[in-house]
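Worksheet for the structure shown next.
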Amino acid sequence: MANSKYEYVKSFEVEDQVMPPNLIIVRIDGRDFRRFSEVHEFQRPNDEKALDLMNACATSVLEEYPDIVFSYGFSDEYSFIFKKKTKFYQRRASKISSLIVSLFSSLYATKWKQYFPQREIRHPPSFHARVISCASVEVLQEYLAWRQNDCHVNNQYNTCLWKLVESGKTEREAQEILKGTQKQEKNELLYQQFGINYKELPAMFRQGSCVFTTQEEDIAKYSEDGTPVKRFRRKARIVHSENIAGRSFWNRHQYLVKELGAFVNEVGKVNPDYIRSFLFESKLMPSTWIVIRIDGCHFHRFCDIHEFEKPNDEQALNLMNSCAVNVLLEFKDVIFAYGVSDEYSFVLKKDSKFYQRKASNIVSAIVSLFSATYVINWKSFFPQKELNYNPFFDGRAVCYPSSEILRDYLAWRQVDCHINNQYNTCFWALVKSGKSKSDAQNILKGTQTRDKNELLAQFGIDYNNLPVIFRQGSSIFRVMAQQENGTTVEEKLGDVVVEHCNIIEESFWKAHSKILD
């Protein structure tokens, strides 16, 4: 990032490294997925296509990130387990969890049509994510037993509930009938009233799904005499197993044992309270401004694949803006957003109680919704281009104690926008004129603002006349609207607007004083 007098704000960022030898689990859960399931008319209690879609997304996540060696999922949740010695993004919790949930959300929106070709996706899916630090392989074993037990308990209950509802009971009546019932009683209810043997239901419903990697021998090429040359390659498999925390299942897969460790004992009775003791959730400091900054991951590659215009693609920037607008519309605690290139910063009001100020919930909800919206809105901005590569973003939360420091943060990002855009405008003007990229970099090395403006003038470009969106980025906020209340007129926050303006100047904040009230 560019140097400026505002860079001191970086000192408020805190690293959240998961220290080795702890195992890293990232668990994602659907955010408000009951509403999502109802809107999209999923079958109850299980929609096999929806579960297949979840599994396909999990498989793609494992294929994208080799450091993930095992995952387990059911319903709208998935847990991803990293190999013990992973150095993935320096083991930074917020970076890891936001990347996983962003990619998963992006994949879900992308793959939707494969599984629901006759249904339009009506609103973006989004997920929460959190990192769980397991002190040992024994804790991992307990965790997996807990999640699979939850799968069974929830599925058995929901199977009974929806069968009773289908038979004419209201949902509340069905809940009353099931209150206090045990496993055997539910099995008897299903068999006696509906002729259903619970154990004969699809294994995916009862046991959940495992996606894990194996080393399998495969033909890599053929030698000149036609002899196949075989090599071991990493492949993802989907398995449904009755006891994923059992020694026999785990130790049968030596790749898992090598990367995570062996299960020595069997798990006795599942103890959720023991596992929950490891689910530490950090909360952000109260009475501070919360900023969630998201950044595109490998976006140089994404831009190249989709042939974005250089140095700026206005449609791509407008797509980013549309995603940010959706975040403000969905989350009322987000009062301001500033974006440039492939990044966006979202400011939450100082007294926000959003998700009890739990960092992982806030970051994952925003980055997940943004990522899925990007996929869904793609065709509106690029109707002639196919989306050939999934966009995804990382995110972090930073707290700022005063309005002055918050404004300095936003100024830092806008200064960065100007410096980077001016450099890139010069760089691509040189490249398009016939210079190599290395030559262009050498020409620009050590140049100042005035030097770059003079260089651009040689190409007939007045930097100050370039579109404001390129030079100043995009600011998104709610404008004040007047509302009559009897004999008085009150002001309230109204529509969300996108503006391209100088947010460093005092005049902007005076004109919009209610934003940071």
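Things worth noting here:
- Cβ-based charge dipole, the chain, positive-most Cα from Val267, Phe280, Val497: Val267
- Share of alpha-carbon pairs per 5 Å distance bin for segment 1-87, given as whole %: 3, 11, 17, 15, 12, 11, 11, 10, 6, 3, 1, 0
- Around the Cα centre of segment 156-304, unit charges on the Cβ atoms of Lys, Arg, Asp and Glu (plus for the first two, minus for the last two) sum to a dipole of about 240 debye.
- For segment 336-455, average projected area of the Cα convex hull in nm²: 10.8 nm²
- Principal-axis tilt of helix 137-166 within the chain, Cα atoms, nearest 10 degrees: 80 degrees
- Net charge dipole size for segment 107-205 [Lys, Arg +1 and Asp, Glu -1 on Cβ; Debye, nearest 20]: 400 debye
- On the chain, 47 percent of the accessible area sits on carbon and sulfur atoms, based on a 1.4 Å probe.
- Legend: translational diffusion of segment 111-174 by Stokes-Einstein, Rh = Kirkwood radius over C-alpha pairs, 37 °C, 0.692 mPa s; D = 207 µm²/s.
- Gain in span if fully extended, Asp52 to Gln254, counting 0.36 nm per residue against the direct Cα distance: 70.1 nm
- Neighbour cut-off at most 12 other Cβ (10 Å), DSSP loop, GluC sites (Glu not before Pro), segment 42-146: Glu120
- The label-point distance for Glu506 and Ser167, in a model that sets each label 7 Å from Cα toward Cβ, rounds to 7.4 nm.
- Relative to the longest principal axis of the Cα atoms of the chain, the long axis of helix 183-194 makes an angle of roughly 80 degrees.
- Per-residue SASA remark: Asp439, around 70 Å² accessible (1.4 Å probe; ligands, DNA and RNA not included).
- Per residue, the convex hull spanned by the Cα atoms of segment 120-268 measures out at 234 cubic angstrom.
- Amide N of segment 309-332 lying under 20 Å from the label point, which is placed 7 angstrom from the Cα of Gln384 along Cα→Cβ: 309-320
- Across all Cα pairs in segment 64-195, the calculated P(r) in 10 Å bins from zero up to the longest distance comes to 10, 28, 27, 25, 10, 1 percent per bin.
- Relative to the longest principal axis of the Cα atoms of the chain, the long axis of helix 314-330 lies at roughly 60 degrees.
- Over 23 Å [Cα-Cα, segment 185-283], rounded percent: 56 percent
- Projecting the Cα atoms of Phe74, Ile100, His123 onto the charge dipole of segment 26-134, computed from C-beta unit charges around the Cα centre, puts Ile100 farthest toward the positive end.
- Inter-label distance, nm, simple model (7 Å from Cα along the C-beta direction), Glu454/Asp273: 7.5 nm
- Residue-span extension gain [Ile419 to Gln43] - 0.36 nm each, minus C-alpha spacing: 130.1 nm
- Here is the size of segment 261-339 from its Cα atoms: Rg then Dmax, 21.6, 60 Å.
- Distance between the C-alpha centres of segment 340-360 and segment 31-103: 23 Å, rounded to the whole angstrom.
- Using a simple spin-label model with pseudo-atoms 7 Å out from Cα toward Cβ, Asp304 and Glu281 lie 4.1 nm apart.
- Only alpha carbons enter this Debye calculation for segment 367-517, each as an equal point scatterer, and the log10 of I(q)/I(0) it gives at q = 0.11, 0.13, 0.21 Å⁻¹ is -0.69, -0.92, -1.28.
- Here the dipole of the chain is about 1020 debye; that uses its Cα centre as origin and unit charges on the Cβ of Lys and Arg (positive) and Asp and Glu (negative).
- Extension reserve of the Lys432-Glu64 stretch, reckoned as 0.36 nm per residue once the Cα distance is removed: 129.1 nm
- For the chain, averaging the sequence separation of C-alpha pairs within contact (under 8 Å, six or more residues apart) and dividing by the residue count gives a relative contact order of 18 percent.
- With only Cα atoms counted, the chain has Rg and Dmax values of 26.3, 94 Å.
- Segment 156-194: trypsin sites (Lys or Arg not before Pro) in DSSP coil with no more than 11 other Cβ atoms inside 10 Å: Lys179
- Signed unit charges on C-beta, dipole axis of segment 3-46, positive-most listed residue Val39, Ile24, Tyr6: Val39
- Converting the Cα gyration tensor eigenvalues of segment 41-94 into ellipsoid dimensions via √(5λ) gives semi-axes, longest first, of 27, 10, 9 Å.
- Rg/Rg_ref, segment 5-53, where Rg_ref = 2.2 N^0.38 Å and atoms are Cα: 2.09
- Cα-based convex hull, segment 270-416, per residue volume (Å³, whole number): 135 Å³
- Among the trypsin sites (Lys or Arg not before Pro) in segment 357-400, those located in a DSSP loop and surrounded by at most 14 other Cβ atoms within 10 Å of their own Cβ are Lys385.
The values are calculated or read from the model by the stated rules, or taken from the named source; none is laboratory data. Just so it is clear, the model here is predicted, and its values are computed rather than measured. FYI the Cβ positions are ideal-geometry reconstructions off the backbone, even for glycines, and counts take in every protein chain you see. These area figures cover heavy atoms from the full protein model, side chains too; ligands, DNA and RNA do not enter into them. Shrake-Rupley method; radii C 1.70, N 1.55, O 1.52, S 1.80 Å.
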